[in-house]
Amino acid sequence: MDISLLPQVRTRVAFAVTTSLLALPATTSPAQNERAAFTMTLDNRWSVGDGLAEKAFLVSLQGLVNRDAPNLYFLYPTEWPYSFDEPLRDYLTEVYDFRFTEFDGVGEALEQFRDDVKGYVVWDEEERTSLIVSFTTAGLEDAVVVSEDLIPLVEAAGIPKVEDNRGRFTEWTDYEIYNWAYDAYWDRVNQDFLIYIGGHAQARMEAGIADMAVMKRAFATD
């Protein structure tokens, strides 16, 4: 099936973040009747070989753990066009009694939410588009996406591999890759959503919206 037949639906980050945090039921701390959640500050390194692997892992983890409650919130770089992250966090703290615990790294985040992760999907750092396909797979398989370097982290936590895209799309065009993904996943995905990852090109990918693809089990594209 031709990927160009997919409906042209765009999801805005601002709406997605606000909806995810305010519309879902909260996790409550029995001792203080507060809403307990976790946060992490992300830097501006979002390129293949320079920070993207860790960010992709965290964003996919966020999609899994926020399905039932607003458990994980990120503060994005100030250079990004959406600059409401910190004010919104403060608003949630002051008005909705959220109490955020800060993670220092990916290991802490995985340890906290290990039970939500059923598997991992490996993307190919030699083929950027394989990461976008891997977000689709991760949503369907309740998995996180990892680069080759992060495999030891997830395997040490006893998480099984559910898909490996290394070498699968070598010398394929993006058109060919997305058509393959359409044939493989379209019948399984939530067709109410189509998530455009966007955010630069070539080695850089600002994939902040990818958590919605995982959360909603939606098809990710670019």
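The values are calculated or read from the model by the stated rules, or taken from the named source; none is laboratory data. As the structure is a computational prediction, the values presented were derived from the model and not from experiment. Glycine also receives a Cβ, built like all others from the backbone with ideal geometry; neighbour counts cover every protein chain displayed. Only protein heavy atoms, including side chains, enter the accessible area calculation; ligands, DNA and RNA are left aside. Shrake-Rupley method; radii C 1.70, N 1.55, O 1.52, S 1.80 Å.
Points to keep in mind about this one:
- Conditions (1) loosely packed, with under 15 Cβ neighbours inside 10 Å; (2) assigned to a loop (DSSP other than H, G, I, E, B); (3) of a type outside the set (A, V, I, L, M, F, W, C): number failed by Asp183: (2)
- The number of residues in the range 65-94 that are surrounded by 20 or more Cβ atoms within 10 Å (Cβ to Cβ) and under 15 Å from the mean Cα position of the chain (by Cα) comes to 7.
- Scanning the range 64-116 for residues that are touching an Asp or Glu at 6+ places or on another chain (Cβ under 7 Å), without any contact (Cβ under 8 Å) to a residue 60 or more places away in the chain and hydrophobic (A, V, I, L, M, F, W, C) turns up Val65, Leu75, Val106.
- Test: residue in the range 157-173 that is part of a loop (DSSP other than H, G, I, E, B), at pLDDT 95 or above, in contact with a Pro (Cβ under 9 Å, 6 or more places away or on another chain) and open to solvent by 50 Å² or more (accessible area, probe 1.4 Å): no
- Every pair of residues 6+ apart whose Cβ atoms lie under 6 Å, when the first sits in the range 158-176 and is of a type in the set (D, E, K, R) while the second is part of a strand (DSSP E or B): Lys161/Tyr120; Glu163/Val121; Asp164/Val122; Arg166/Val122
- Count of residues meeting criterion [closer than 15 Å to Arg168 by Cα and open to solvent by 10 Å² or more (accessible area, probe 1.4 Å)] in the range 95-152: 6
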